[in-house]
Amino acid sequence: MFEFLGSVWWLLVALGLLITFHEFGHFWVARRMGVRVLKFSIGFGKALWSRTGRDGTEYTIAAIPLGGYVKMLDEREGDVDPSELDQAFNQKSVWARIAIVIAGPVFNLIFTLLAFWIMFLVGMPESRPIVGEVTGIAASAGIETGDRIVSLDDESVETWSHTVLGLVTHAIDRDNVTIKLERTNGQTRQVQMELSQLPSDFEEEKTLQAIGLTPWRAKLPAIVGEVSPDSPAYRAGFKAGDRIVSIAGEAVPDWAWIGMLVPKHGSAEAPLTVSVERAGGLLDVTVTPEKSSTGTLSSRLILGITNQPADEELKTLAGRAYFLHQYGLVDGFSAATSEMWRLTRATLGLIGRMVTGTASVKNLSGPISIAQFANSSANAGVSNFLFFLGAISLSLGILNLLPIPILDGGHLLYYLIELVKGSPVSEQIQAKGQYIGMIALFGLMGIAFFNDILRLVG
């Protein structure tokens, strides 16, 4: 229940921020172009809150938070007083209308850049692309455990997220890729990975698994180092040296599993059964997790235990694998620009491949998946939530620029046609385009929602 409520809450927060920023772009530029704005609405449907500003604009928060709109004075939507014709949207030049329409997606891109910039100033915990277990195509290419992936076809990669983005593109196209690798001793070598060997029905979201690559992670033994005073674990009777064997009957191979299994099986209202090994015997301990928001944007469940310190060898390996992706003001802005460009290329490439049929429409995510991502990123910390907001804002900006009637990109298409032919597209054609656009948009939303359902049940 708490996870569901958290997902809904952070979805509303994310959508509220992004929709407001997008619509403010239209609003701000419209005002600068001398267009009178009648209504600025966040959401659709019945108004939950509304007031009229000194500028005469009605500001509204509506019940359905899946979008928003800026209603401008327009002769096509009602009678306009002759004295106000110079403030009507339809009376402005085509270039002014283009500026107003494109402002929304542009503001989405600005938001993405700002979010990524702040993310790099705060610092983003990242993992370098160091390889764990190797099988299949990756093993055949000569990749070994402990190798660090330095570049893909001469394009450098710093993190696993960068690596996955690059590999997905190559995998969809079945392109063989040249990978530069670095061993623990600093020596480098190049291998050729034959992605043409991938089966035709492989799932893009499981690219690493299909290739046979597993990211390396530090596997700390699930042994309790310290028990915090007045914590759930302290009250339940946990002791330093306890080896956690299972949580709610599910095995705990190493320490990392604790952080996954406690929120999966536990709640702040119900006890959780934890099996521990103590003095050579097994003991079931009943503990009720509690919520803590320390270091996060959203509450998370904790037991109040810490792990035994890692040995020196593991510390060395972990120091090679994990780092804080952090920059100063100038370098941070440059890194944010590069990150936005990297994601833009990947998004456009994926959209193009879905249109041509080389990439599956299963890659589309709907509100359920977005809500889950919002909640998990908020729980992971400020920098992770900023990345999520930036990535979603970028996707919304790109989506709105698609030449689909009803979207900003559809209006831009009409205005470009107007520039070429010297006269506006007829209202009849625009009306038909609206219907086509609505069908296309609802179709995409339906596919995305269906994908969400499959992910939930799968």
* Restricting attention to segment 63-81, does a residue exist that is under 21 Å from Ile406 (Cα atoms), touching a Gly at 6+ places or on another chain (Cβ under 8 Å) and hydroxyl-bearing (Ser, Thr, Tyr)? -> no
* Taking segment 7-63 as the search range and keeping residues that are without any contact (Cβ under 8 Å) to a residue 12 or more places away in the chain and among the small types (Gly, Ala, Ser), which one is surrounded by the most Cβ atoms within 10 Å (Cβ to Cβ)? -> Ser50
* Go through (1) over 16 Å from Leu394 (Cβ atoms); (2) in contact (Cβ under 8 Å) with a residue 12 or more places away in the chain; (3) part of a helix (DSSP H, G or I) and name the single condition Arg342 misses. => (1)
* Structure fact -> Residues of segment 326-339 being assigned to a helix (DSSP H, G or I) and over 20 Å from the mean Cα position of the chain (by Cα), in sequence order, are Leu329, Val330, Asp331, Ser334
* Filter segment 381-398 for residues that are of a type in the set (Ser, Thr, Tyr) and out of contact with any strand residue (DSSP E or B) (no Cβ under 6 Å at 6 or more places or on another chain); which is modelled with the highest pLDDT? -> Ser393
* Asked: Got at least one residue in segment 430-440 being exposed (fewer than 12 other Cβ atoms within 10 Å of the Cβ), aromatic (Phe, Trp, Tyr) and assigned to a helix (DSSP H, G or I)?
  -> yes
* **Every pair of residues 6+ apart whose Cβ atoms lie under 8 Å, when the first sits in segment 190-214 and is within 14 Å of Val177 (Cα to Cα) while the second is among the small types (Gly, Ala, Ser) and in a loop (DSSP other than H, G, I, E, B)** => Val191/Gly142
* Structure fact -> Wholly inside segment 206-325, helices (runs of 4 or more DSSP H) that include 1 or more residues that are at pLDDT below 85 are 256-265, 312-321
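The values are calculated or read from the model by the stated rules, or taken from the named source; none is laboratory data. Note that this is a predicted model, so its numbers are computed, not measured. All Cβ positions, glycine included, derive from the backbone under ideal geometry; neighbour counts span all protein chains shown.
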